[in-house]
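For reference, the structure is listed below as structure tokens.
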Amino acid sequence: MESGILLAMSFDRYVAICNPLRYATVLTDARVVRMGMSVIIRSFCIVFPMPFLLKRLSFCKANVLSHAYCLHPDLIHLPCEDTTINSMYGLFFGLDSALILLSYVLILHAVLAIASREERLKTLNTCVSHICAVLIFYVPMVGVSMVARYGKHAPRYVHTLMSLVYLFVPPMLNPVIYSIKTKEIRRRLCKILLGTKF
């Protein structure tokens, strides 16, 4: 669901930067509600088949997961049968990241067309929070995937640590990322962390 929300937010940033005069007509309340409902329905449709795809497989290896919770890429390594369908199904998760990347390529293209350096920086500044949220969601996800794929001989604690980072870091940092642009919060955070006023 979170990747769907990040995708909807990247579309919002795209419209705000590339078509600012049409923002209110493109992103009406009804359209935003439809986008929210489609994120929820799509998330359900993606997650719902997973148990059935796993139930059809027979597990002959040790049924010990390397992560602290049930993670689909971790479960795919346990069956003795062909898991091609499950692996192909996992590719749907990459679609959101590809569309988010596309929206930011289009945003960057539009920003680079702005003549004034100050205006370019001001425009890019509106995307900083969202880009950070995307990074804190996808970097741990890629890390977990890489460890699951290539770290077969890594100690178990590496798998557990990466899965816990993926599970806990994004929700813990999201409030910080979205509130850091508020001057009062930024000033207090600098005072707490650095002992100085900002």
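Among the numbered criteria (1) of a type outside the set (Gly, Ala, Ser); (2) surrounded by 13 or more Cβ atoms within 10 Å (Cβ to Cβ); (3) over 20 Å from Ala133 (Cβ atoms), which one does Ile107 miss?
(3)
What number of residues within the range 81-96 are open to solvent by 70 Å² or more (accessible area, probe 1.4 Å) and part of a loop (DSSP other than H, G, I, E, B)?
Selection size over the range 81-96: 4.
Within the range 83-96, does at least one residue satisfy the condition of being closer than 24 Å to Lys181 by Cα, over 19 Å from the mean Cα position of the chain (by Cα) and not basic (Lys, Arg)?
For the range 83-96, residues closer than 24 Å to Lys181 by Cα, over 19 Å from the mean Cα position of the chain (by Cα) and not basic (Lys, Arg): absent.
Just one of the numbered conditions (1) assigned to a loop (DSSP other than H, G, I, E, B); (2) among the hydroxyl-bearing types (Ser, Thr, Tyr); (3) buried (at least 17 other Cβ atoms within 10 Å of the Cβ) is not true of Tyr69; which one?
Answer for Tyr69: the failing condition is (3).
Mind checking which residues of the range 25-50 are open to solvent by less than 80 Å² (accessible area, probe 1.4 Å) and in a helix (DSSP H, G or I)?
Of everything in the range 25-50, those that are open to solvent by less than 80 Å² (accessible area, probe 1.4 Å) and in a helix (DSSP H, G or I) turn out to be Val26, Ala30, Val32, Met35, Gly36, Ser38, Val39, Arg42, Ser43, Cys45, Ile46, Met50.
Identify all residues within the range 46-95 that are closer than 22 Å to Pro155 by Cβ, polar (S, T, N, Q) and either in contact (Cβ under 8 Å) with a residue 24 or more places away in the chain or in contact with a strand residue (DSSP E or B) (Cβ under 7 Å, 6 or more places away or on another chain) (or both); write none if there are none.
Result: Ser66, single match.
Write out, first by first residue and then by second, each pair whose Cβ atoms fall under 7 Å of each other, whose residues are 6+ apart or on separate chains, and whose first residue, in the range 113-127, is among the aliphatic types (A, V, I, L, M) while the second is assigned to a helix (DSSP H, G or I).
Ile114/Arg120; Ile114/Thr123; Leu124/Val111
The values are calculated or read from the model by the stated rules, or taken from the named source; none is laboratory data. Here the structure is a predicted model, which means the values were calculated and not measured. A quick note on method: Cβ atoms are made from the backbone with ideal geometry, for glycine too, and the neighbour counts reach across all protein chains shown. Note: accessible area is taken over every heavy atom of the protein model, side chains too, but ligands, DNA and RNA are not part of it. Shrake-Rupley method; radii C 1.70, N 1.55, O 1.52, S 1.80 Å.
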